[in-house]
1. Kindly indicate whether A:L104 is over 30 Å from B:K272 (Cα atoms) and surrounded by fewer than 17 Cβ atoms within 10 Å (Cβ to Cβ).
2. Restricting to region B:370-411, count the residues that are closer than 30 Å to B:S439 by Cβ, at pLDDT 90 or above and not in a loop (DSSP other than H, G, I, E, B).
3. Of all residues in region B:372-411 being in contact (Cβ under 8 Å) with a residue 60 or more places away in the chain and farther than 30 Å from B:N225 by Cβ, which is nearest to the other protein chains (Cβ to nearest Cβ)?
4. Just checking, how many residues over region B:275-305 are surrounded by 19 or more Cβ atoms within 10 Å (Cβ to Cβ), under 23 Å from the mean Cα position of the chain (by Cα) and more than 30 Å from B:W151 (Cα to Cα)?
5. Might you check whether a residue that is within 14 Å of another protein chain (Cβ to nearest Cβ) and crowded, with 17+ Cβ neighbours inside 10 Å occurs anywhere in region B:122-132?
6. What is the number of the single condition among (1) under 13 Å from A:F219 (Cα atoms); (2) touching an Asp or Glu at 6+ places or on another chain (Cβ under 9 Å) that A:L285 does not meet?
7. Looking only at region B:346-401, which residues are of a type in the set (F, W, Y), crowded, with 16+ Cβ neighbours inside 10 Å and touching a Phe, Trp or Tyr at 6+ places or on another chain (Cβ under 9 Å)?
8. Show me the helices (runs of 4 or more DSSP H) found entirely inside region A:187-289 where at least 2 residues are within 14 Å of chain B (Cβ to nearest Cβ) and closer than 26 Å to A:A159 by Cα.
Amino acid sequence: MEAYQKKWQAVGLLVPTIVAVGAFFYWPLVRALQLSRQKTIGFGARSTEYGWQHFTTLATNPDFQYSVGASFAYAGIVVSISMVLGLLVSLLIYRMETYQSFYLVAAIFTYALSFAVTATLWKTLFNPSVGIFTETLRGVLGLVGISLNLDYTTNPLWAWVFVASGGVWKLIGYNIIFMVAALGNIPETINETMRLDGLGWVKKLLFVYVPMISPTLAFLAIVNTANSFFLTYPIIEVLQGGPSNTVNILIYDIYATFSDGLIGRASAKSIVLFVIVGGLTGIQLWISDKFAHYGGA
Amino acid sequence: MAATLAGCSGNSGSEGDGGGSTATESGGDDTATGTTTGEVDSGGTTITFWPAWGGYYEDTFSTMISNFEDEHPDITVDWSAQGSYAESRSAVFTAAKAGNAPDIAHLGKNATILARDTGFFTPIGDLMPDLDRSQYLGAGRAWSTVEGTTWSLPFNNSQILLYYNKNHFREAGLDPEQPPTTFEEVRQYSQQIVDEGVADSGISWPNVNWWPMSWMAEQGQVYFNERNGMEGEPTETYFDSEAARTLYDWWMNDLGDLYHYPGKNDWGASEKAFSQGQASMHMNSSGGLAYLLGGFREQGIEIGVGRLPTPNEEHNGHAAGGAQVWVTKKDSRTDAEREAIRKFLRNMTGAEQQALYSKSTGYFPAHSGSVDVLEEQGFFEENPLYRTSFDQLEAWTPGPATGGVFSGTLPRTATAVVDETDNMWQGKSVDDALSDLDSTAEEQLQFYERRDL
């Protein structure tokens, strides 16, 4: 049966989506492109045409290059850790026979918190001198005679731990929701076969579970990457870019530029971010089409 | 919209027309407002005011505004607090561009030139030509006039004060009534505090541009040429000056680990280090006096207040912090509204209201008469800790270094100062950092090129 008898019905139903996407995605993108070719002061109070100069300046600016590199590093760290940890936790939850939903909620609630809440929480936990986490870790390391600089204002490595752990903590719940659901869809007959064959859990994981849920994993990899490029600036705001701006990843850099009122330059940076994430998503989609298992022959 | 923006780039100088983009985009809106107000003329006038601060300061604004409305029942003030100087700046500029600006904005002093250059504001001197500016205290008034034009009125004004923990001073064998006043004394006191095991560090203050800026001013050194931008658009900066080296050498090398580093722009972390006893001294704005004293008392700390320590015994005063009130340009404004704005500004910056603001917050008053009001009320006898702030104010001497810093790049320069200070703390040499800072700040000046815009 035809879904829609008339073309205008389909068009009518699509209009709200087209309007929303146009107004909130494409129009801002067009504006960002326009603004990226302008030089502005005072949040766009006044502006002049500036051509592609923002882009040429950025291309040769070592601080900006560092920001781009740091964004890739951050995304790589956060996505890989939250995927691997998320998968392990999901397997544990999947194997639970009692109180499964309790464990599930306990594992995923972090996703419901906003990044701003995470940032405040992290700041308290990681406070260089009185944070619970810092103090405990310092005490434990002290027992074995190790003394580390656990101050995110002076230790760049520790500032990275601060930011990356916050990102992972925030993202992992999201991954678990999808992974547990995907694992739940694996036919019981497969589990039974594995039991009969006496497969160890590592083999189960690597040769059965991961391939079976690979479409979900591919989807998560894509969404996580975009997430970690876009949504983390509150955490970095706590650090104001970190010691010597070592954690000045692109999204925070854009935010800081915008706060300075340089709308034109901030727009140019956001276009660069858009191109990077768009490109990455394209590559990931291409790879997952080739390798993910979508069922069938 | 891009076309409108491009179109307005040519006419930056003219005063009356509200700037190309404002006029074009807000035309419809303004007319509508004008008509409405015209119709209800008999029922009174409404003016809008956006104070920068919310939170702790919101109650004080609320009281002051009701005081004004009680005195002028025909005027209603529609106000909403913005949160911070940075938020106020972006909110007001964005609203002005969209044609929804408040009548009166409250903007941090750092944004003085930026605000002027947006073209969104009417000089106060034009609105109130017969205003006697000498009624305002010099230190607060300093930022409001540039190149001969009075753009804004001082509202809240602050200086840096030294807060110290008297219990710690006693434990370390220091005189709790004698806070350090020079760089060298701060070092000695801190050393003694740490040696006696009283605290981990001697002193803490946030890594914020206001400190280097103030210590440059105390040494008579300007940030920018053209008399700190007072007489024209600056093209040069002086971060490679002797004054800058003196203050950073002391901060990074003499003090070094005696100083507790709280991170970039983190006022809270610095306060915490002090209130939790990791540092025995702390520098902060006088604008936080009421709030900080309350908090520290709650923690059981006996507080002393001293002046901002300086490189030597000399105190020239420093460029006051705080914010000013600005009036936006609106072609549709009626005479009644203009008069209401004048009344509001006179009232809010007057002796009585400023005395109220000063004692509820710790900001020093804009109006010189407020000091007498406070004396009469016996305020200083009851609150002797507020006295230091007023004493320090009396030492303020007018001059290019203490009279405000006038560059449209100042908010950005402040960021660069904070970044390079951080680099120094992470180990970059003072000389390298200052020379990099100098070139960054000069690049910013070049990029700004106000006359191009």
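The values are calculated or read from the model by the stated rules, or taken from the named source; none is laboratory data. The shown structure was predicted, so the numbers you read here are calculated from the model rather than taken from an experiment. Virtual Cβ from ideal backbone geometry, glycine too; neighbours counted across all protein chains shown.
1. Criteria not met by A:L104.
2. Count: 1.
3. Result: B:L385.
4. 5
5. No, that holds for no residue.
6. Checking A:L285 against (1) under 13 Å from A:F219 (Cα atoms); (2) touching an Asp or Glu at 6+ places or on another chain (Cβ under 9 Å), the one that fails is (2).
7. Across region B:346-401, the qualifying residues are B:Y357, B:Y363, B:F364, B:F379, B:Y386, B:F390.
8. Ranges flagged: A:233-239, A:250-259.
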